[in-house]
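Data first, discussion second: the structure below is written as structure tokens.
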Protein chains: 2
Amino acid sequence: MTVARAVETLLPDLQIIYYGDLARTPYGNKSPETIIEYAINNTEFLLDHGAQAIIIACNSASSVASEILRQKFDIPIFEVITPAVEQAVAATSSGNIGVIGTRATIRSEIYDKKIKQKAPELRVFSIACPLLVPLVEEGWIDTRETKMILRKYLAPLKQKQIDTLVLGCTHYPLLKDLIQHRVGKKRIRLIDSSIEVALTLQTYLNENPDFCKTLQYGGANTYFVSDITKAAIITAEKIFGRHIDLIKV
Amino acid sequence: MTVARAVETLLPDLQIIYYGDLARTPYGNKSPETIIEYAINNTEFLLDHGAQAIIIACNSASSVASEILRQKFDIPIFEVITPAVEQAVAATSSGNIGVIGTRATIRSEIYDKKIKQKAPELRVFSIACPLLVPLVEEGWIDTRETKMILRKYLAPLKQKQIDTLVLGCTHYPLLKDLIQHRVGKKRIRLIDSSIEVALTLQTYLNENPDFCKTLQYGGANTYFVSDITKAAIITAEKIFGRHIDLIKV
């Protein structure tokens with residue numbers, strides 16, 4: 001939802017077809033095989049509903065499934081890792097980049113590999129923070145317990161002299177203020193993969209006018225989910241700043 | 001797994017066919033419709049693999065799906081709620097019973113209804129503790145953060161003069177010591193639904209010798225799961241006290 005919100009803000013003319021697999025989330029502590037299977041299902045669903053380009057709006061799925069989706073489906077497929085990597089590499093001065101994410105994302109070492117492909121001299125310090133997703137989904141954004149858990153997760157980064165921290169999970173933008181406060185106000189630049197992928201999509205559209213001509217503009221955005229709960233409705237309102245009609249499929 | 005372990009300990013001659021839907025857990029924050037759909041899938045899977053009786057080893061699924069499963073499938077179906085209710089009603093002296101569980105279980109009000117059906121004069125105080133499942137699955141059993149979150153969840157029970165507390169989620173037995181410590185050592189009796197359902201199954205088998213004659217005895221237990229992760233393997237070892245061969249299906 002943070003990605004859909006970023007795309008909507010930056011590119012309001014586009015028609016967004018959102019699919020949130022809430023019946024099977026969280027993905028971040030599942031095996032790569034299972035995440036790949038679900039990512040293929042979800043892409044097929046979006047194509048059946050008219051999608052002409054796909055954003056894999058989840059770091060865990062982007063980490064393990066994006067190459068397979070690109071091989072399997074012949075449309076532009078964007079993932080949230082590469083844009084964040086490019087931004088982090090451009091932003092760092094100290095050469096020390098931190099990455100936080102789910103267990104699946106961190107275990108894939110995708111940020112480490114992609115950052116070092118671009119700039120082998122950089123140092124990457126990655127930490128899996130598996131409890132942040134359930135805390136965000138519970139709406140425990142500003143509680144003492146969440147602050148304490150964040151402190152525990154982020155402590156190992158304190159000694160690493162990082163100046164850039166990648167929020168490698170699309171849930172984490174909701175914790176941005178808390179994380180910024182914890183790592184030191186202004187001292188460390190946070191990279192929000194949701195915003196970066198929207199900027200990458202914008203650049204792609206600017207560079208590919210022929211593709212843009214094929215797009216349907218002006219239709220209403222639709223928000224499909226595989227499960228509806230009160231918590232999901234509240235989270236959607238918090239992210240979009242308005243009520244969102246979630247459609248259960 | 002805590003239920004399978006309790007059944008194995010109490011009734012070692014039975015052949016257990018376990019199915020853990022790890023690809024789609026946790027169930028406790030999903031809608032009733034989704035939980036029912038998954039519970040039907042899972043029951044069909046177990047029947048296909050030769051199950052002659054079913055234990056719904058999850059309070060969330062027991063809460064919302066047990067009646068539907070009993071209508072749909074013509075074999076003995078046990079759920080984890082009723083045995084815990086019977087034990088709690090028998091155990092309380094003060095008449096004040098606490099229940100902790102997932103959001104789905106607590107929202108169903110199943111414990112409240114079933115306890116009051118048996119003894120309308122009793123008072124039931126229920127609290128949803130949705131973060132305990134992810135904390136247990138992370139293996140954060142004895143951390144400061146888990147203690148703090150437990151304190152927050154259990155605080156409203158402090159004033160209620162309960163003498164009995166139902167652990168209304170099959171993950172919670174792993175937190176039994178911590179919960180017992182928090183609510184007051186010995187002062188409050190904890191009811192473990194995993195153990196209670198195993199005792200109910202034992203009673204059923206004693207009272208139904210004809211059914212027992214139809215059972216297959218002595219086969220090896222099998223542990224099917226819909227996803228395998230390192231965390232699942234570690235949790236299985238912790239619960240069973242030995243390595244468990246999880247079979248991905």
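Every number here is computed from the coordinates shown, using simple stated rules; none is lab data. If you're wondering where the values come from, they're calculated on a predicted model, not measured in any experiment. All Cβ positions, glycine included, derive from the backbone under ideal geometry; neighbour counts span all protein chains shown.
Taking 7 Å steps out from each Cα toward its Cβ at B:Ala220 and B:Ile40 produces label points 3.4 nm apart. As a length-normalised measure over Cα pairs under 8 Å and 6 or more apart, the relative contact order of the range B:81-193 settles at 36 percent. A point 7 Å from Cα along Cα→Cβ stands in for B:Lys248, and the other copies hold the same point at 3.0 nm, listed in rising order. Placing R0 at 22 angstrom, the Cβ-Cβ distance between A:Lys147 and B:Lys186 gives a FRET efficiency of 0.05 after rounding to 0.05. Looking at the range B:165-249, the trypsin sites (Lys or Arg not before Pro) that sit in a DSSP loop and have at most 15 other Cβ atoms within 10 Å of their own Cβ are B:Lys185, B:Lys186, B:Arg187, B:Arg242. Note on B:Lys118: aspartates and glutamates with a C-alpha under 20 Å away, same-chain residues under 8 apart excluded, are B:Glu67, B:Glu79, B:Glu86, B:Glu109, B:Asp163, B:Asp192, B:Glu196.
Each of B:Lys113 and B:Cys212 was given a label point 7 Å from its Cα along the Cα-to-Cβ line. The distance between the two points is 3.4 nm.
Every helix of 4 or more DSSP H residues in chain B counts as -39500 (n - 2.57), and over all residues that averages to -15500 deg cm²/dmol at 222 nm. For the rotational copy relationship between B and A, the axis lies nearest to a chain B beta carbon, identified with its distance in whole angstrom as B:Pro134, 2. Choose one answer from A:Ala220, A:Ala65, A:Ala104: the residue with the largest mean-square fluctuation in a GNM of chain A with alpha-carbon springs under 10 Å. It is A:Ala220. Computed from the alpha carbon positions, the gyration tensor of chain A leads to an equivalent ellipsoid with semi-axes of 28, 22, 17 Å, biggest first.
Annotation for the range A:157-216 versus the range A:1-27: alpha-carbon center distance of 15 Å.
Going 7 Å from Cα along the Cα-Cβ axis for the label, what nanometre distances separate B:Thr143 from the same residue across the other copies? Nearest first, the other copies' label points are 1.4 nm away. Within chain B, the longest run free of exposed loop sites, counting GluC sites (Glu not before Pro) that sit outside DSSP helix and strand states (H, G, I, E, B) and have at most 15 other Cβ atoms within 10 Å, spans B:122-249.
Between amide H atoms placed 1.01 Å from N, distances below 5 Å from B:Val166 occur with B:Gly98, B:Val99, B:Ile100, B:Ile191, all of them 5 or more places distant or on a separate chain.
Computed from the Cα positions only, the extents of the range A:1-76 along the three principal axes stand at 36, 25, 20 Å, in decreasing order.
For the range A:38-153, the Cα-based Rg and Dmax, in that order, read 16.3, 47 Å. Remark: the range A:233-245, residue by residue, has Karplus-estimated 3J(HN,Hα) of 5, 5, 4, 4, 4, 5, 6, 8, x, 7, 6, 10, 7 Hz, where x stands for each Gly or Pro and the curve is 6.51 cos²θ - 1.76 cosθ + 1.60 at θ = phi - 60°.
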